[in-house]
Amino acid sequence: MQNLVTSAPITFYPSRSQEMIPANESVSPIVGNRVELQLLTTLKCNLKCTYCSLGVGDMVGSQDKVSYDMEALEAFIEKHLSQHEVYVTFYGGEPTLNLGFIREVMERYPTFRFQLQTNGTLLDGLPDRVLANLSNILLSIDGGETITDGFRGRGVYRQVVKNTQAVRGRMAGTFTARVTWSSEETSFEELDELANTFDYVYFQFVAGEGTYSPAAMEKKKAVITQLVDKFFSGETLYPLIPIMGIVRNKVLPTRATELYHGKTQCRVSTHILNVMPDGKIYPCPDMMYVPEMLQGDVIANWLKPSPLQPHPNMPCGSCEAEPWCRGNCMKNLYLAYVKGDKEYRDKVVEPICDLVRFLGREIDRHDPQAWYAKAPLDVRKTLRDCEVYEYVEIMP
Ligand code: SF4
Ligand code: SF4
């Protein structure tokens, strides 16, 4: 998911792909043996973040509760996912506002893995049984206190940090700060502080027009340089997922492709299903208002392959970053190069690609292969196998 800031809604045109197409019984629409079921428990939220992607298409609050029942979910899983290893991410809105649904799913599927994507403000109210069952909690945050509170509301940053500390003893899994990097004022010190506070930090460049002026690009590049320098400076692993992931992909190139079958590491082209509270399924949580992206329906019990796929118009094939980037954000590439939104391409997609290539070059300056060869065994293992790679997009 890339949090989206747009000056105007993007226009899409319905296509025949929105028709209900039954799954071919013999060939699974899911690529590979794993699937992430991202269940949106509600579209309601207790915060009003200024850049929320659900703001596009008037999604926020439009579906308060899950309107399919457990039997429908069971039948869907039985028909389409019975041969897959399933892991569930509870997502929203703010997913903890529908705790009853979270408990019911956890109780019904004890062999699944579970992750929670949350704004963190209600974390301290979660029961022990739920916390103990979460492999990872993704906490939405925007950088340091001033920037986070500016986007999310006064006091939110401190509340999230306090709540995390309050529940840490009841949580066996990891905490990952999910940073939407939008402000040009976001500093190395702020991201470094997050790396000291949480188990991992995942950052993603915001998909917002007006964010990537030449001066803002220079500031972001300066911070990237500091982050990469710090990553290669110590004996312990600096837990920044995009840097870890890119280093992994450069040192062990097969890891860049095997879980995603050569496609984007955010999984939208292969094995993530975003299930809206009304049971409709889409590959990308930022495009759930786009009719042509409809991929399935829990209630009608059908599923087809993801419609969000690489396209010949996309420039990745001739990009230096392609072997380790693998197409970063398909939504961005789709809007820019398939739908032909030139403004979005110039103001969002190309600047982000420029930052991604810069990040790769900064990593190369440190000879990641030589670093890996000398790294302690535990560092190599985490870099190679970190479970959080399965829960986030890896690329920024
Ligand atoms: S295509 Fe992938 S990276 Fe882009 S917004 Fe969707 S989930 Fe996120
Ligand atoms: S940096 Fe951009 S163009 Fe290059 S591979 Fe990544 S998404 Fe494609």
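A few points about this structure:
- Across the cross-link table entries 250/381; 44/304; 219/347, which are compared at the Cα atoms, the separations over 18 Å belong to 44/304.
- Placing unit charges on each Cβ (+1 for Lys and Arg, -1 for Asp and Glu) gives the stretch 34-390 a dipole about its Cα centre, and among 236, 222, 348 the Cα reaching farthest toward its positive end belongs to 236.
- Ranked 217, 276, criterion: other C-beta atoms within 10 Å, fewest first: 217, 276
- Pairwise inverse Cα distances across the chain, averaged and inverted, put the Kirkwood hydrodynamic radius at 21.3 Å.
- The peptide list 202-209, 328-335, 361-368, put in order of mean Cβ contacts within 10 Å with the highest first, becomes 328-335, 202-209, 361-368.
- Likely footprinting exposure, 80, 271, fewest C-beta neighbours within 10 Å first: 80, 271
- Among 166, 195, 93 the positive-end extreme of the charge dipole of the stretch 34-390 (Cβ point charges): 195
- Projecting label points 7 angstrom from Cα along Cα→Cβ for residue 83 and residue 188 puts them 5.1 nm apart.
- Linear extension gain, residue 216 paired with residue 258, 0.36 nm per residue minus alpha-carbon span: 11.6 nm
- Going from the fewest other Cβ atoms within 10 Å to the most, the residues 121, 89 appear in the order 121, 89.
- From phi via Karplus (6.51, -1.76, 1.60), per-residue ³J(HN,Hα) for the stretch 322-336 in Hz, x at Gly/Pro: 3, x, 10, 8, 6, x, 5, 9, 5, 4, 4, 5, 5, 5, 6
- Dipole check for the chain: with +1 at the C-beta of Lys and Arg, -1 at the C-beta of Asp and Glu, and the Cα centre as origin, the magnitude is about 340 Debye.
- Note on residue 338/residue 166: beta-carbon distance plugged into 1/(1 + (r/R0)^6) with R0 of 45 Å gives a FRET efficiency of 0.50.
- Of the chymotrypsin sites (Phe, Trp or Tyr not before Pro) found in the stretch 71-132, not one falls in a DSSP loop while having at most 13 other beta-carbon atoms within 10 Å.
- GNM top mover of 201, 167, 275 - the chain, alpha-carbon springs below 10 Å: 167
- HN-Hα J in Hz across the stretch 279-288 - Karplus 6.51, -1.76, 1.60, θ = phi - 60°, x for Gly and Pro: x, 6, 10, 9, x, 10, x, 8, 10, 7
- Size of charge dipole - the stretch 125-218 - debye, nearest 20, with Cβ of Lys, Arg +1 and Asp, Glu -1, no other charges: 740
- Under 18 Å from the Cα of residue 342 - aspartates and glutamates, other chains or at least 8 residues apart: 209, 350, 354
- Residue 174 long-range amide H proximity, modeled H, under 5 Å: 136, 137
- Neighbours of residue 167 by Cβ distance under 14 Å: Lys/Arg scored +1, Asp/Glu scored -1, total +1.
- Assigned charges on the beta-carbon of Lys, Arg, Asp, Glu; the stretch 39-197 dipole about Cα centre (debye): 400
- Net charge, residue 377 excluded, C-beta distance under 14 Å - Lys, Arg +1, Asp, Glu -1: +1
- Here the stretch 287-311 is scanned for amide nitrogen atoms under 17 Å from the site 7 Å beyond the Cα of residue 69 along Cα-to-Cβ, giving 298-301.
- Rg(Cα)/(2.2 N^0.38 Å) for the stretch 331-381, N = residue count: 1.73
Read-outs throughout are calculated quantities, based only on the coordinates presented, and are distinct from any laboratory measurement. These figures come from a predicted structure and were not determined experimentally. Because the Cβ atoms are built from the backbone with ideal geometry, glycine has one as well, and the counts that use them run over all protein chains shown.
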